[in-house]
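Following: one structure in structure tokens, then a few remarks.
The values are calculated or read from the model by the stated rules, or taken from the named source; none is laboratory data. From a predicted model like this one, the values you see are computed outputs, not experimental measurements. Note: ideal-geometry Cβ built from the backbone for every residue, glycine included; neighbour counts use all protein chains shown. Areas reflect the complete protein model, heavy atoms only, side chains present, ligands, DNA and RNA absent. Shrake-Rupley method; radii C 1.70, N 1.55, O 1.52, S 1.80 Å.
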Amino acid sequence: MSEDEKPQENAPERRRMVRPPSGGTAAGRGMGQKMKTADKKSLSSQSWIKRQLSDKWSERARAEGWRSRAAFKLMEIDDRHRLIKKGSRVIDLGAAPGGWIQVCLDRGASAVAGVDLLMIEPIPGATLIQADFTQPGVDDQLIEAIGGRPDLVLSDMAHNTVGHRKTDHLKIIALIEIAADFAIRTLKPGGAFVSKNFQGGDAGGVLARLREEFETVKYVKPESSRKGSAEVFLVALNKK
């Protein structure tokens, strides 16, 4: 250490910042670092990150503390159909990162359990299981976690696409069928089921079965779904 670098004995102590920086929003902070990191990723990854950062729903989710923009999709569906009631028991399939679980708890659900292949950061008030939902026994764990039959079953399950349209379509339908079967087997009378689907995806067999088991079955396209996305949600109301 040089003489110039040595601390002065009588030098005044540096003042520490005791207040957080002001200006901007929680959504905007850290954006520059994210874009720097994006430069090292593939072009498709960079495009996804830029879209997320510029998307108003993603920005709003970051600012309000929701874990994903998907939270607003469930809010819109719930605003229309009043699915989440005070004291509801809810099971969320494909729950990561936890946005739907946050919404359920915020709107009065008393018991919420979620499962996903990916780890979900803890959410106070919810039981989170990292597992393959299709494995034997996982469905029983979910029922046990909420203390009985659910009032609402949600499914935002997705699969890794392979780029072959027919194969990807079959995988999408298979996940809807699995989630619908679980909902039909476990829901209380009057319960509801919501599952992700895609426009143009033939879910005829699933629709026919749901129409036998529920009073109303419809498709909903939330405003917060991206305009160019084929994503829609299958909503089944009032389990018979």
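Is it the case that residue 18 is more than 22 Å from residue 226 (Cβ to Cβ), modelled with pLDDT of 95 or more and hydrophobic (A, V, I, L, M, F, W, C)? Answer is no for this residue. Only strands (runs of 3 or more DSSP E) whose full extent lies in region 82-191 are considered here, and none of them has at least 3 residues that are open to solvent by 70 Å² or more (accessible area, probe 1.4 Å) and either small (Gly, Ala, Ser) or modelled with pLDDT under 95 (or both). Can you find, within region 207-240, the residue that is modelled with the lowest pLDDT among those that are closer than 19 Å to residue 175 by Cβ and exposed (fewer than 12 other Cβ atoms within 10 Å of the Cβ)? Looking at the filtered set, the residue picked out is 229.
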